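**Student:** Sharing a structure below in structure tokens format, with a few things to ask.
Please treat every number below as a calculation from the coordinates, not as lab data. Here the structure is a predicted model, which means the values were calculated and not measured. When we count neighbours, we look across all protein chains shown, and the Cβ atoms used for this are built from the backbone with ideal geometry, even at glycine.
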Amino acid sequence: MAWFKRARKPITATKQKASRVPEGLWVKCSGCAQVIYNKDLGTNLNVCPKCGYHFRIGALERLRLLFDEGSFTEYDKGLVSTDPLKFADTKPYRTRLESSIEATGLKDAVVTASGRIEGIETSVAAMEYAFIGGSMGVVVGEKITRAIERGIDRRWPVVIVCSSGGARMMEGALSLMQMAKVSGALARLAQERLAYIAVLTDPTTGGVTASFAMLGDLIIAEPKALIGFAGPRVIEQTIKQKLPEGFQRAEFLLEKGMVDLVVDRREMKSAIGKALRFMGSAPSEPASTAPGTSIVPEATPQL
Ligand SMILES: [Zn+2]
């Protein structure tokens, strides 16, 4: 119980002076604290031109920059969670879903698509962190599994771009089952001797790290990406030791052998193309007849 009460309104500076710069024209870099012109950032794939800091990008933006000419075929666009547990924490899960759907324009935290990467027809799943922290629920698990199975059916390699806070706890044990489901599909892909590349972006944590993020034939990370299972604070409290500098960052994990490559986003497409060729994929003939909705989204700078 407080022993005094503030009678008047708090005097904290909550009212900010109206900025004279139109919103979104300039962005402050979290890496070097320099101010960058938003357009420059957009043309540089959302990598700081001064220090190379990698800003987070959305799933659609990711697919646009991976596929040739930015064009791809999206699948299972309409899958949406049924809220099987009728879960509510501070607010109902259904409300969270609805607001995320409205904010991102996506139905869940992953977009699955196929298209060509340097001429090689590939099945790609890209996760969307803006959708409830990129959490893996039933829909994410199902869409990724289908993307892998599509790879098996059509003899395509698979790429999964991870960006996730872990399993979606609002779906309880059902979300945890997705780890086994996706891992099972990846095992079948491996039996078929088809390549799987995991691309780990900031952040890749929890159940995603504990399953498909670490199962790649090749595991590529973006510079300085946070990659781990539990957060550093939880680990420090558990082992009662101070963690080393750069712990759980891509470069640290490369040194320890947890990831195979750290690749700049601007080099990512050619690195994946090169790896796919190395693992036996060949550029396909033009005129593929894949079902699904063909979309060529226009480029919009996204932060
Ligand atoms: Zn910077």
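**Student:** Going by average Cβ density within 10 Å per residue, which order do the peptides 86-99, 269-282 take, highest to lowest?
**Tutor:** Listed from highest to lowest mean packing, they are 269-282, 86-99.
**Student:** While we're looking at this one, here's another question. Measure nothing fancy, just the Cα-based angle from helix 172-191's long axis to the longest principal axis of the chain, in degrees from 0 to 90, nearest 10.
**Tutor:** Value to nearest ten degrees: 30.
**Student:** How large is the direction-averaged shadow of the alpha-carbon convex hull of the range 101-165, in nm²?
**Tutor:** 4.3 nm²
**Student:** What distance in nm separates the simple spin-label points at Glu236 and Ser71, each placed 7 Å from Cα in the Cβ direction?
**Tutor:** A separation of 5.1 nm, rounded to one decimal place.
**Student:** Also, I was wondering about something else. Kindly provide the helix-only [θ] at 222 nm of the chain, computed as the sum of -39,500 (n - 2.57) over DSSP H runs of four or more divided by all residues, to the nearest 500 deg cm²/dmol?
**Tutor:** That comes out to -9500 deg cm²/dmol.
**Student:** In nm², what is the average projected area of the convex hull enclosing the Cα atoms of the chain?
**Tutor:** 20.3 nm²
**Student:** Same structure again: Determine ³J(HN,Hα), in whole Hz, for all residues of the range 272-279 in sequence, where each value follows from phi through the Karplus function 6.51 cos²θ - 1.76 cosθ + 1.60 and θ = phi - 60°; x replaces Gly and Pro.
**Tutor:** 5, x, 5, 5, 5, 5, 4, 8
**Student:** Which angle between 0 and 90 degrees, to the nearest 10, do you get for helix 138-154 versus the longest principal axis of the chain when only C-alpha atoms count?
**Tutor:** Approximately 20 degrees, to the nearest 10.
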